[in-house]
1. Regarding segment 253-261, can at least one residue be identified that is closer than 18 Å to Tyr59 by Cβ and either buried (at least 24 other Cβ atoms within 10 Å of the Cβ) or out of contact with any Phe, Trp or Tyr (no Cβ under 9 Å at 6 or more places or on another chain) (or both)?
2. Taking into account only those residues within segment 179-204 that are touching a Lys or Arg at 6+ places or on another chain (Cβ under 8 Å), in a loop (DSSP other than H, G, I, E, B) and among the small types (Gly, Ala, Ser), which is surrounded by the fewest Cβ atoms within 10 Å (Cβ to Cβ)?
3. Being exposed (fewer than 13 other Cβ atoms within 10 Å of the Cβ) and at negative phi is the filter here, so list the residues in segment 119-145 that pass it.
4. Testing Gly88 on (1) in contact with a strand residue (DSSP E or B) (Cβ under 9 Å, 6 or more places away or on another chain); (2) modelled with pLDDT of 60 or more; (3) surrounded by 15 or more Cβ atoms within 10 Å (Cβ to Cβ), one condition comes back false. Which one is that?
5. Could you say which residue among Pro204, Pro166, Pro171, Pro158 is assigned by TED's automatic domain parsing to the domain that holds Ala230 and touching a Pro at 6+ places or on another chain (Cβ under 8 Å)?
6. Can you name every residue in segment 25-52 that is surrounded by 13 or more Cβ atoms within 10 Å (Cβ to Cβ) and either modelled with pLDDT under 80 or within 17 Å of Glu269 (Cβ to Cβ) (or both)?
7. Could you list, in sequence order, the residues of segment 217-229 that are modelled with pLDDT of 90 or more and assigned to a helix (DSSP H, G or I)?
8. Hey, does segment 245-260 have a residue that's under 26 Å from Ala130 (Cα atoms) and of a type in the set (D, E, K, R)?
Amino acid sequence: MSDPYHYNIVRRAIDLIDAPGGTALSLDDLAAELGMSTAHFQRLFSQWAGVSPKRYQQYLTLGQARRLLQDRFSTLEASLGAGLSGPGRLHDLFLRWEAMSPGDYARAGAGLVIRHGWFPTPFGEALAMATDRGLCGLAFVTDGNRARTFDDMARRWPRAQHIEDPTAVHPLVRAIFARHGTAQLHLIGAPFQIKVWEALLQIPSGHVTTYGRIAERIGHKGAARAVGTAVGRNPLGFVIPCHRCLRAGGGFGGYHWGLPRKRAMLGWEAARLEAAEPANSRQSDVVTAAQGSQGLSGPGASC
């Protein structure tokens, strides 16, 4: 599907770009710091990001985050009002989801069988978990520590039966990262969390919003802190795009799987949006929703 080696190069480059001092590094300097030839570094980086390292550095700045809020947030409400996830169809992926009932959630996964496997992705190795109703977890491995990643996810549903079965989970991961097929999601969370995750699913790829606007969207104006907590509990990294949520002033905020990965995701999406869409010829990335099992509204509806 994807070579995590490319992401590791990008992650290391971002660490250098974000080093104290914030001085922009030349292509030659970045390559030298990474112990690679300039040509090899440029080729591998561009294969992953779709743009040159110099151009990509521009996507990682605070100023760029603020511009995203100013320039791309204006299209968000119109897109949502039309029932679309917004401009910028980047792949042929359709998501359908349903939510666990509050009663089932309260039982901490009792009676659930959750299968899992480890997979390469554009953002490093990931743990994918699924019930018979769909993908319920996607977590990225940090510092090669699989055990910590698994424990972090498994304790969310401590009474579930966890079985390693990558063959069963692979088609869902392939649908997301190899742009093939349909990914069914099974959202497992408290009712407030589900509402926040619904709203996140509506943010267009290559666009961003704020915790405060998410709070307004779900009818809890002023609850930005609570929204931030729910965003932090998102079990489906990248799929439920909590990386597209920024602070009101344009700051990147935190990210459960590391701020460099959040920056990488935002830059990766912004680069693809820019490369794939000539001016005035944008297509729509439609995210379809199946109604939740307890009548929770779907992404095309008002929360």
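The values are calculated or read from the model by the stated rules, or taken from the named source; none is laboratory data. Worth saying up front: this structure is predicted, and the values here are computed from it rather than measured. Virtual Cβ from ideal backbone geometry, glycine too; neighbours counted across all protein chains shown.
1. If we filter segment 253-261 for residues that are closer than 18 Å to Tyr59 by Cβ, which is where we start, we get 253, 255, 258-261.
Filter again for either buried (at least 24 other Cβ atoms within 10 Å of the Cβ) or out of contact with any Phe, Trp or Tyr (no Cβ under 9 Å at 6 or more places or on another chain) (or both), leaving 255, 260.
Yes, because at least one residue in segment 253-261 is closer than 18 Å to Tyr59 by Cβ and either buried (at least 24 other Cβ atoms within 10 Å of the Cβ) or out of contact with any Phe, Trp or Tyr (no Cβ under 9 Å at 6 or more places or on another chain) (or both).
2. For segment 179-204, the residue satisfying everything is Gly181.
3. Let us first name the residues in segment 119-145 that are exposed (fewer than 13 other Cβ atoms within 10 Å of the Cβ), namely 132, 143-145.
If the condition is that a residue be exposed (fewer than 13 other Cβ atoms within 10 Å of the Cβ) and at negative phi, then Asp132, Asn145 are the ones that fit.
4. (2)
5. Working: Pro166 fails: touching a Pro at 6+ places or on another chain (Cβ under 8 Å); Pro171 fails: touching a Pro at 6+ places or on another chain (Cβ under 8 Å); Pro158 fails: touching a Pro at 6+ places or on another chain (Cβ under 8 Å).
From the options Pro204, Pro166, Pro171, Pro158, the qualifying one is Pro204.
6. Selection gives Leu25, Phe45, Ser46, Trp48, Ala49, Gly50, Val51, Ser52.
7. Ala224, Arg225, Ala226, Val227, Gly228, Thr229
8. no
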